[in-house]
Amino acid sequence: MSSSYLPATTDSIAQALEAKDRSQAISILYRVLENPSSSSEALRIKEQAITNISELLREENRAEDLRSLLTQLRPFFSLIPKAKTAKIVRVIIDSVAKIPGTSDVQISLCKEMVEWTRAEKRSFLRQRVEARLAALLMENKEYSEALTLLSGLVKEVRRLDDKLLLVDIDLLESKLHFSLRNLPKAKAALTAARTAANAIYVPPAQQGTIDLQSGILHAEEKDYKTAYSYFFEAFEAFNALEDPRAIFSLKYMLLCKIMVNQADDVAGIISSKAGLRYVGPELDAMKAVADAYSKRSLKLFETALRDFKGQLEEDPIVHRHLSSLYDTLLEQNLCRLIEPFSRVEISHIAELIELPVDHVEKKLSQMILDKKFAGTLDQGVGCLIIFDDPKQDDIYPATLETIHNMGKVVDSLFNRSAKVMA
């Protein structure tokens, strides 16, 4: 970076654009920022220079330089309106976010900005940076710190009645509580976000995020039909905006179809006009699961889980529901296989179902305890003994009902005698 500054003019910006390489362009733009002029035109050119520097540093993956740029610009922020300051800060933080593996830099950068905004008494900017910081902490699995930050922020923003920011914070709080497996609080926060969103215009991307979170919570409660509707709304919003989250909405739509025993519809949705745009590993994974479920094949199911580990097991939402689906499928297959037998070797069942013996034995003992069928495991000889379903004797319920009715009669006679004696 040269010590002599350049004039804050469009010619200087053009000179930077025509530079041979990015480093030279960045050097020219820094020299423009060093210009001491504070005229309205100079300030406008400097704002453009900041935007260009941010883009160039992002392309160079220079996260620390973006961080020092934000610190260097603090005197400049006192010369421009607060709204423009907020925009520049957001642009620079977004630029850092686009550089992979910079979550720790983003967290420390947001913490520095929060301290600076507190000192400068810039509440509007501080609240937005704190909301961003809470989201980063949640992604970093620092849930307690994120929750503490959000709790204070929600109260402050509610008092100011900033509806748009309140929608963001309530939505973030819902995601945070869901990550902590606290469904009642996650639903309450989402309801608060919806209430705030109904009072104002919400951008389509934000509305899509609300619908996506609604679908996730309904799916968690096993209400897959309602969840599908929400995922469909989210998909339409993200698809129109070409948002990368569209593929996840579509993936969860397919998951809901599988969970409500409509796996045959999956191929049709994938081959539709909207689905063809997103053909790739994510949809291939769901198609493999749907095929395995349609054929009731545990072997195909396990093959799908193994081949698409990144798309299925590493997605916490899909993984949770597929675990439940796998257990259901395993129970159905075991019940079908043991039905003809009264006594059968566990190794034979394992051979038929093509699973390890210890895995089958563990599942059978769990099913017996859950009273899915009547039987016992003879581990000495490695056999499963299945009992006939015990017939319910109607005499016991009838006897209990008779005793109950006699009790009513005695109570009635006692009340009458009490009245006569009175």
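Can you name every residue in the range 96-136 that is at pLDDT 90 or above, polar (S, T, N, Q) and farther than 18 Å from residue 157 by Cα?
The answer is 106, 108.
Do you know which of the residues in the range 260-284 that are in contact with a Lys or Arg (Cβ under 8 Å, 6 or more places away or on another chain) and touching a residue at least 12 places away in the same chain (Cβ under 8 Å) is nearest to residue 222 (Cα to Cα)?
The residue in question is 260.
Quickly run through the range 210-249 and pick out the residues that are within 21 Å of residue 314 (Cβ to Cβ), of a type outside the set (A, V, I, L, M, F, W, C) and in a helix (DSSP H, G or I).
Residues satisfying the conditions are 213, 215, 220, 249.
Which of the residues belonging to the range 125-163 are over 20 Å from residue 86 (Cα atoms), over 18 Å from the mean Cα position of the chain (by Cα) and basic (Lys, Arg)?
155, 158, 159
Looking only at the range 162-209, which residues are open to solvent by 60 Å² or more (accessible area, probe 1.4 Å), within 19 Å of residue 144 (Cβ to Cβ) and in a loop (DSSP other than H, G, I, E, B)?
180, 181
Being polar (S, T, N, Q) and farther than 15 Å from residue 263 by Cβ narrows it down to one of 332, 379, so name that one.
Working: 332 fails: farther than 15 Å from residue 263 by Cβ.
After ruling out the rest, the residue left standing is 379.
Might you check whether a residue that is at negative phi and surrounded by 10 or more Cβ atoms within 10 Å (Cβ to Cβ) occurs anywhere in the range 389-396? Give the steps one after another, and end with the answer.
So in the range 389-396, the residues at negative phi come out as 389-396.
Imposing the further condition that a residue be surrounded by 10 or more Cβ atoms within 10 Å (Cβ to Cβ) reduces the set to none.
No, because not a single residue in the range 389-396 is at negative phi and surrounded by 10 or more Cβ atoms within 10 Å (Cβ to Cβ).
The values are calculated or read from the model by the stated rules, or taken from the named source; none is laboratory data. The model shown is predicted, which means the values in this text are computed figures rather than measured ones. A quick note on method: Cβ atoms are made from the backbone with ideal geometry, for glycine too, and the neighbour counts reach across all protein chains shown. Accessible surface areas use protein heavy atoms only, side chains included; no ligands, DNA or RNA. Shrake-Rupley method; radii C 1.70, N 1.55, O 1.52, S 1.80 Å.
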